[in-house]
Amino acid sequence: MQGKGNEKELHRGLEERHITLMSLGAAIGVGLFLGSASAIKLAGPGILLAYGFSGIIMFFIMRALGEMAIQKPVAGSFSKYARDYLGPLAGYLTGWNYWFLWVVTCMAEITAVGIYMKYWFPDVPTWIWALAALVIMTTVNFLAVKAYGELEFWFALIKIVTIIAMIAISAGMIVFGIGNGGIATGIHNLWEHGGFLPNGISGVLMSLQMVMFAYLGIEMIGVTAGEVKNPEKTLAKAIDSVFWRILIFYVGALFVIMAIYPWNEIGTQGSPFVLTFEKFGIKSAAGIINFVVLTAALSSCNSGIFSTGRMLFNLAEHGEAPKQYSALTKGGVPGKAVLASAAALLIGVVLNYMVPAKVFTWVTSIATFGAIWTWAVILLSQIRYRKSLQPEMQKQLKYKMPFFPYASYVSLAFLAAVIGLMAYNPDTRIALAVGPAWFGILVAFYYGKGLHKRNQKEYSQEKQIG
């Protein structure tokens, strides 16, 4: 137990293996196990192009974050960087947006928990399971950060081992016919049912919103920066390894699924992972896989409650959220901030009760809008950060954004294109109503409470000191 003198700051209890697995756990959740079925319907096998190209963009965004996080490792990192390089309003909006984004994302995760539990309990309403998931994950988040990191490490490991096993088993079926009577399935399903791009390039483009939702969570490495031991070594290694692992898991898993199973049949009877193992001939495996995807959703929700608690803590420290949310428990956990975030998640339980069929599409599109704001702010902050450095200091950077500034601008243009596609698609258009309305409320509160005057004064003083 830490002494009372340390209770005013977050504890640096997370090691490299913790944050690598935590960010993998956050990103490999509902987006892969449940969201991929929706994306496959839109793009067919061409979804592999969407995941591949989006993955490259996410790599640039993560490197931009890493460049700043390694020089200045703080909790709620990109909110702090936005405040430093884009101004107080940008920092305020980014902090509250990220809190909102993870609240909405956790709604998707607890919705998925309800969907997966129907496998065993078809007659129990999904909202009951959603509520149970929320209570359990909130309780877990009251553990000391090292215990939380340890739990999340094993949580994430379950699904990672499962994905690797599925890729290996499926590869055996594709090449050698293992589990298919010795007849190799080959990969002809990738082009036999209407071609590799059955719905054309437009199908691939329309899938980008769901694909980008799948990558949501990688940036969580930035949120953990204030609780990481040896940030310079740990963050750099975690950022690079997480990107490659996620790309392999997403593209690799979907490649073998669509090679074995016709793309137009995936998702019609539940998770593509469950269907793939049933195809392999192990009937009991479907229940096992359902358990794994259930832990995946819980794990991602766990990471989300962790993120929202830390971001609310950071906002409270800057006087932009009620001061009580900056209070820490004896274990160094922002307990009141965690509880406030969990209370907001009850809206997801209510939505599960009222409109269960539409909840998943709604919340994923709203979360994607929030994520795109966060990623754009990371890129814009990094551009301003780099320009603020003298040429000699730029050369001395320990961890650089590659192909700067071109990669930054291409990534920003891609994010803008995804927003345009969300406006075009009637199913995701709700995000472009809810997102700006949320920002409108935040801006009204910011000026109504006079935060702009106080923040501008502090910002000017910091600049003079700097």
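Being surrounded by fewer than 18 Cβ atoms within 10 Å (Cβ to Cβ) and not in a helix (DSSP H, G or I), is that true of even one residue in the range 290-310?
No, there is no match, as no residue in the range 290-310 is surrounded by fewer than 18 Cβ atoms within 10 Å (Cβ to Cβ) and not in a helix (DSSP H, G or I).
Can you confirm whether the range 428-449 contains a residue that is assigned to a helix (DSSP H, G or I), among the hydroxyl-bearing types (S, T, Y), within 29 Å of A236 (Cβ to Cβ) and in contact (Cβ under 8 Å) with a residue 60 or more places away in the chain?
no
Since F414 meets every condition but one in (1) surrounded by 18 or more Cβ atoms within 10 Å (Cβ to Cβ); (2) out of contact with any Leu (no Cβ under 6 Å at 6 or more places or on another chain); (3) within 30 Å of T126 (Cβ to Cβ); (4) not small (G, A, S), which condition does it not meet?
The number of the failed condition is (3).
State whether one or more residues within the range 293-313 are farther than 30 Å from K146 by Cβ and at pLDDT 75 or above.
no
Assess whether G186 counts as being part of a loop (DSSP other than H, G, I, E, B), open to solvent by 30 Å² or more (accessible area, probe 1.4 Å) and either on the phi > 0 side of the Ramachandran plot or among the aliphatic types (A, V, I, L, M) (or both).
When the stated conditions are applied, G186 does not pass them.
Only one of F53, F100, F60, F78 is farther than 30 Å from L339 by Cα and in contact with a helix residue (DSSP H, G or I) (Cβ under 7 Å, 6 or more places away or on another chain). Can you tell me which?
Exactly one of F53, F100, F60, F78 is farther than 30 Å from L339 by Cα and in contact with a helix residue (DSSP H, G or I) (Cβ under 7 Å, 6 or more places away or on another chain), namely F60.
Does any residue in the range 376-400 that is touching a residue at least 40 places away in the same chain (Cβ under 8 Å) come within less than 7 Å, Cβ to Cβ, of a residue that is outside any loop (DSSP other than H, G, I, E, B) and β-branched (V, I, T) six or more places away or on a different chain, and which pairs are these?
That search, which allows pairs on different chains as well, returns V377/T94; I378/I61; L379/I61; K398/I70; Y399/I70.
Working only within the range 367-403, note down all residues that are crowded, with 20+ Cβ neighbours inside 10 Å and either of a type in the set (S, T, Y) or more than 15 Å from A416 (Cα to Cα) (or both).
Scanning the range 367-403 gives A367, T368, T374, S381, Q382, Y385, R386, M401.
Would you confirm, using the coordinates I've provided, whether W127 is surrounded by fewer than 16 Cβ atoms within 10 Å (Cβ to Cβ) and in a helix (DSSP H, G or I)?
On the way: surrounded by fewer than 16 Cβ atoms within 10 Å (Cβ to Cβ): no; in a helix (DSSP H, G or I): yes.
Here the answer is no, as W127 does not meet what is asked.
Quick one: would you say W99 is open to solvent by 20 Å² or more (accessible area, probe 1.4 Å) and within 26 Å of F445 (Cα to Cα)?
yes
Under 7 Å between Cβ atoms, which residue pairs at least 6 apart in sequence (or on different chains) link something in the range 181-205 that is under 18 Å from I257 (Cα atoms) with a partner that is open to solvent by 50 Å² or more (accessible area, probe 1.4 Å) and not in a loop (DSSP other than H, G, I, E, B)?
A184/V175; A184/F176; H193/N264; V204/L49
Going by the structure shown, is F142 within 21 Å of C301 (Cα to Cα), open to solvent by 60 Å² or more (accessible area, probe 1.4 Å) and not in a helix (DSSP H, G or I)?
yes
So, in the range 147-183, of the ones that are out of contact with any helix residue (DSSP H, G or I) (no Cβ under 8 Å at 6 or more places or on another chain) and over 21 Å from F249 (Cα atoms), which residue ends up surrounded by the fewest Cβ atoms within 10 Å (Cβ to Cβ)?
Ranking the qualifying residues of the range 147-183, first place goes to G181.
Can you work out which of the residues in the range 38-84 that are hydroxyl-bearing (S, T, Y) and crowded, with 24+ Cβ neighbours inside 10 Å is nearest to L197 (Cα to Cα)?
Y51
The values are calculated or read from the model by the stated rules, or taken from the named source; none is laboratory data. This one's a predicted model, so the numbers in the text were calculated from it and none came from an experiment. All Cβ positions, even for glycine, are placed from backbone atoms using ideal geometry, and neighbour counts span all protein chains on display. These accessible areas exclude ligands, DNA and RNA; they are computed on the full protein's heavy atoms, side chains included. Shrake-Rupley method; radii C 1.70, N 1.55, O 1.52, S 1.80 Å.
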